[in-house]
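Taken together, the values in this text are just the output of simple stated rules run on the coordinates, not laboratory data. Keep in mind the model is a prediction, meaning the values are calculated, not measured. All Cβ positions, even for glycine, are placed from backbone atoms using ideal geometry, and neighbour counts span all protein chains on display.
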Amino acid sequence: MARVKTFKPGGLHVETYRHLTPSSPWEHLPIPSVAVVSAVQYPGARAEWKVSLGQRVEEEQLLADGLRADDVSLHSPIPGIVEAFHEIQLASGERSQTVVIRLDGTFQKTGKPAQRREWTSLSPDQLIQIIGEQGVPLLASTLDQPFSFTSAASEVKTLVINAVQPEPYQTLGLHIVEEKFDEILEAVRILERAFAVSRTFFAADPEDPSAWQSRFVSRLAGMQVFLTEHKYPQAQRKILLKTLGLLTQPQGSLLVVEPGTLLAVYQAVVMDRAYIEKPVVVTGDAVVNPGVYRVRLGTPLAELIRAAGGMKSNALVVHGGPFRGHAVADLASPVMKSTQSVLVLDPRHRLESVELPCIHCGACANVCPVGIRPLHLYRALAQSDASDALNEGLNSCVQCGLCAFVCPSRIPLVETFAAAQGDSLA
Ligand code: SF4
Ligand code: SF4
């Protein structure tokens, strides 16, 4: 049986809104006539273009190599012509170079009979090479940064499957486990072989724990299975590792992988497909048909929302969840490897942004999952007192956003902490 766990202190039990996206067949979006591929697929990631203006590219052709060892390569989601390079602003506010591919030519792989690769005879190095070449990122750090698995593969000892989805509206991981279980289980076995891990943890927070256990636990043989409460921010790597008792392990020894990445590993190794397509949850109270949509990377968010039946006028579109996501200013922004969900909310959900004086209610400190006193940290940063900010735990903040969410005075706590962490890490 799985063990049930949670974390202390702080956190918040939140309404999950999972009923908006119940299990149903995933819909395939039509192939986009234009794909806009961003060099930045994850915060801070960079890539160097390997194609030039006017060049014809095949489906899955390499478009860019990661600039550093821990950046991922990018492949063309469609066959076509390189029409332009231009810069856009991502929902996160980060600016990114993009390549624009206009659909042209024939598909080399889509619609063709797929041949299963027998991977069990491949060496660990060969498996890792395939995963990297097909552009699949493996995340292992305590923050959401792509991880250099090639440079640290030999250090990995523990594999952690993070299928916890406590943020409101986020259901992608649960859908993938429910509907693609065989594929992700095979991907787990691939990673176990590739990294020669000595133990595997599997954590999830299903809606109906007993039904989930009777359906899946016996098939997770050899893994340590944990169910967690629907408590935000349980899925944050640092919080999850703490809950599982793994926080004191050397960080390079832990490979933390989400179900979406497992699906991409399966596609890369077993189906010999580059990471050019992924499932994305489109949900919220202002979209007509919430659900899971399988979509090519580079598809504009506007097309994704249109495929989901469209949205109410003036709706608020958020890339990611309500706590850590970013409002989308331009619906021409493309689907990226980091896109898990697109939230389409009624305009009444827009938060009042007028900042008021602190009323010393203590709510921010009560919810902080790492024991920070957010108000004190904010004050230290407002006074540019770097040493006090470090003493108040600046580097422990996991940027979960809970303090800002509960603050009745709308003080920009998490934005300030994120900016300060960026400065101190630079
Ligand atoms: S954003 Fe940082 S300070 Fe605020 S609750 Fe989360 S961890 Fe604590
Ligand atoms: S939640 Fe906001 S108002 Fe309350 S103590 Fe924290 S910063 Fe002040």
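For the range 403-415, the tally of residues that are more than 10 Å from ligand 2 (Cβ to nearest atom) and either of a type in the set (Lys, Arg) or surrounded by 18 or more Cβ atoms within 10 Å (Cβ to Cβ) (or both) stands at 1. Considering Thr248, Thr243, Thr283, the condition of being touching a Lys or Arg at 6+ places or on another chain (Cβ under 6 Å) and more than 22 Å from Glu60 (Cα to Cα) is satisfied by Thr243 alone. What do you reckon, is Ser23 farther than 30 Å from Ala211 by Cα and not aromatic (Phe, Trp, Tyr)? Considered against the rule, which asks whether it is farther than 30 Å from Ala211 by Cα and not aromatic (Phe, Trp, Tyr), Ser23 comes out as no. Residues that are among the polar types (S, T, N, Q) and over 16 Å from His13 (Cβ atoms) within the range 224-242 comprise just one, Gln224. Taken together, the residues in the range 403-426 that are more than 19 Å from Pro233 (Cα to Cα), hydrophobic (A, V, I, L, M, F, W, C) and either part of a helix (DSSP H, G or I) or more than 27 Å from the chain's Cα centre (by Cα) (or both) amount to 3.
Only one of the numbered conditions (1) in contact with a Leu (Cβ under 7 Å, 6 or more places away or on another chain); (2) within 25 Å of Glu87 (Cβ to Cβ); (3) among the basic types (Lys, Arg) is violated by Arg410, and that is (2). Scanning the range 383-402 for residues that are hydrophobic (A, V, I, L, M, F, W, C), within 11 Å of ligand 1 (Cβ to nearest atom) and free of Cβ contacts under 8 Å to residues at least 40 places away in the same chain yields Leu394, Cys397. When you look at Ile81, is it surrounded by fewer than 19 Cβ atoms within 10 Å (Cβ to Cβ), in contact with a Leu (Cβ under 8 Å, 6 or more places away or on another chain) and over 16 Å from Thr339 (Cα atoms), yes or no? For Ile81, the condition - surrounded by fewer than 19 Cβ atoms within 10 Å (Cβ to Cβ), in contact with a Leu (Cβ under 8 Å, 6 or more places away or on another chain) and over 16 Å from Thr339 (Cα atoms) - is not met.
All of (1) over 30 Å from Val72 (Cα atoms); (2) more than 16 Å from ligand 1 (Cβ to nearest atom); (3) surrounded by 15 or more Cβ atoms within 10 Å (Cβ to Cβ) hold for Ala380 with one exception: (2). Among the residues making up the range 330-366, a single one is within 16 Å of ligand 2 (Cβ to nearest atom) and surrounded by 22 or more Cβ atoms within 10 Å (Cβ to Cβ): Cys364.
Taking the range 367-402 as the range and being hydrophobic (A, V, I, L, M, F, W, C), within 16 Å of ligand 2 (Cβ to nearest atom) and assigned to a loop (DSSP other than H, G, I, E, B) as the test, the residues that pass are Cys368, Val370, Ile372, Cys397, Cys400.
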